[in-house]
Amino acid sequence: MLGRFKSALMNAVGASEMGLQYNSDSDTESVTDLINSNLPIAIETKPYSRPSFLGLTNEETQVSADHRVRPIIVPRDLSRLPWCAGYAECINAGKSTWNEDQATAMRGDLRILDTNVTIPYVMFSMFDGHAGFQVALTSRLHLHRIILERLMSIPGELLLNEDKDATIKGREMVIGAIELAYKQMDQIVEHQAHRGGGGCTALTVLFLNGRLYAAGAGDSRTILVLGDSERALTRDHTPDSESSRVRSLGYLKSTELLKGQFTPLQFRKRHFERDVGSAVMYREPFMTGWAYKILTQTDLRLPLISGQGKRSRVMGTIGVTRGFGDHGLKAGNTGVSIKPFLSSQPEVQSLDLEELNLTERDCIILATDGLWDVVSDEMAASILRKTLAPESPSLEYRLTMGAQELVQGARGRSFGREWWLKKAQDNGDEEVKMASVDDISVMVVPLYPYLCEHRQWVKTQQQERRHSVSSTQSSPEST
């Protein structure tokens, strides 16, 4: 069985390079149309499964969850993903029974309200679940369809309007649709939640009308690898990076949300009973500098945010501040609800692909924090460039190889019961550090194929308009 995974890439080489017609993700569960409503809807709980484009049988899903071997899984049929985008994943080293990451991709034609125009779109999403797989699975099955429903509600004259002098541009309407869809998705998983229900981070990349939209909520990340440069298209939402937002909310609604258990003030260090009455350095949520105050008994309450960087926590409990779910999450030993400090709102960035001077090797990388915890943006871009640089094998094969190499670069190798990374240094020695023991999921999406498709769509629309005008002018009624 494991041999199938090792040879999956070789079996997929026969797919046509840079083809433009692919099957979309086969998840077919539908969502009630709630364009004019933000009310939650009932969603049937589904049994555990892996992304449908992987094509795994139940037996293969069991094998993929081997925590000792941590096999790197790739799709059986590369053409199941738009433009044969690369994908690879591996399970954690025993952190949870199942791989709680999920991913999906779909493409189609978006019907524009009040017109007979349809716009091709392609959408990729990735989710990193915690405290269970269900929220990530539900999001995989439904978020993309909710986004499409929101997009279809936008009047065509607004959606297609990119006039630089327009008061509201089409891109702003698309961003609003994504934001509302994320909010609705969070309401759906709240309605579904049982005994807490866990949560997940979310990434969405949408190609529409010549633009790329990158949305993120949580600490999964999307980066752009363009020529010799790279940059993040989403940012990590951690208690540390969102300290001001979280502490400001706690400051404004201290009695209601903190229940006398936590303080929204930030101190340079942890203080104890013996420090009461002394002058200490602190700052309030709106401050970027520091000040002195006399420490009081109430200042000894637990900090609303503790730790730094990836080790930071809200109420000592959760390390991400945006995403879906966690509606029943309580701070340990206090019973204080954490959800009010967590947000489902994504940050969305939009790029005009015509302005990027793209080549066929320019890509975006979507990945869960299993990759980013041990691989920097620069290192990930370097790994991908080296994999895509050769002229052979075919590019679709190299895209999947790139995803594999990135997963391998984070997973490392097993030595005894631990996983380690080795990196050659300039002096010839090897630097050894801990590898990622989390679930790792990576998607490598080429940009140039979409730009080619969009240009062809624009050309077709122009030809149809010219034909329509010509037919109108030559008709008997027009004379």
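The values are calculated or read from the model by the stated rules, or taken from the named source; none is laboratory data. Treat the numbers as computed from the prediction; the structure is a model and nothing was measured. Here the Cβ is made from the backbone with ideal geometry for all residues, glycine too, and neighbour counts use every protein chain on show. When the accessible area is computed, the model is the full protein with side chains, heavy atoms only, and any ligands, DNA or RNA have been set aside. Shrake-Rupley method; radii C 1.70, N 1.55, O 1.52, S 1.80 Å.
Okay, here's what the table says:
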read-out	value
Residue in segment 187-200 that is touching a residue at least 24 places away in the same chain (Cβ under 8 Å), outside any helix (DSSP H, G or I) and under 29 Å from Arg361 (Cα atoms) present	no
Index of the failed condition, Arg313 passing every other in (1) open to solvent by 40 Å² or more (accessible area, probe 1.4 Å); (2) free of Cβ contacts under 8 Å to residues at least 24 places away in the same chain; (3) within 18 Å of Ser244 (Cα to Cα)	(2)
Pair list, Cβ < 8 Å and 6+ apart or interchain, from segment 98-109 residues that are touching a residue at least 12 places away in the same chain (Cβ under 8 Å) and farther than 9 Å from Arg50 by Cβ to residues that are charged (D, E, K, R) and surrounded by fewer than 24 Cβ atoms within 10 Å (Cβ to Cβ)	Thr104/Asp25; Thr104/Asp27; Ala105/Asp25; Met106/Asp25
Restricting segment 440-468 to residues that are aliphatic (A, V, I, L, M) and assigned to a helix (DSSP H, G or I), the residue that is least open to solvent (accessible area, probe 1.4 Å)	Leu451
Selected residue [of a type in the set (A, V, I, L, M, F, W, C), open to solvent by 40 Å² or more (accessible area, probe 1.4 Å) and in contact (Cβ under 8 Å) with a residue 60 or more places away in the chain] from Leu329, Leu356	Leu329
Every residue from segment 329-387 that is in a helix (DSSP H, G or I), over 19 Å from Thr222 (Cα atoms) and under 19 Å from the mean Cα position of the chain (by Cα)	none
Selected residue (only one of Ala331, Ala279 is of a type in the set (Gly, Ala, Ser) and touching a Ser or Thr at 6+ places or on another chain (Cβ under 9 Å))	Ala331
Failed condition for Ile178, given (1) among the β-branched types (Val, Ile, Thr); (2) under 22 Å from Asp109 (Cβ atoms); (3) without any contact (Cβ under 8 Å) to a residue 24 or more places away in the chain	(3)
Hits in segment 244-293 (condition: part of a helix (DSSP H, G or I), surrounded by fewer than 12 Cβ atoms within 10 Å (Cβ to Cβ) and either on the phi > 0 side of the Ramachandran plot or β-branched (Val, Ile, Thr) (or both))	Thr255
Hits in segment 201-219 (condition: in a loop (DSSP other than H, G, I, E, B) and more than 22 Å from Asp109 (Cβ to Cβ))	Gly218, Asp219
Enumeration of residues in segment 391-425 that are open to solvent by 60 Å² or more (accessible area, probe 1.4 Å) and more than 21 Å from Gly94 (Cα to Cα)	Glu391, Ser392, Glu405, Lys422, Lys423, Ala424, Gln425
Wholly enclosed strands (runs of 3 or more DSSP E) of segment 38-151 bearing at least 2 residues open to solvent by 10 Å² or more (accessible area, probe 1.4 Å)	101-111, 118-130
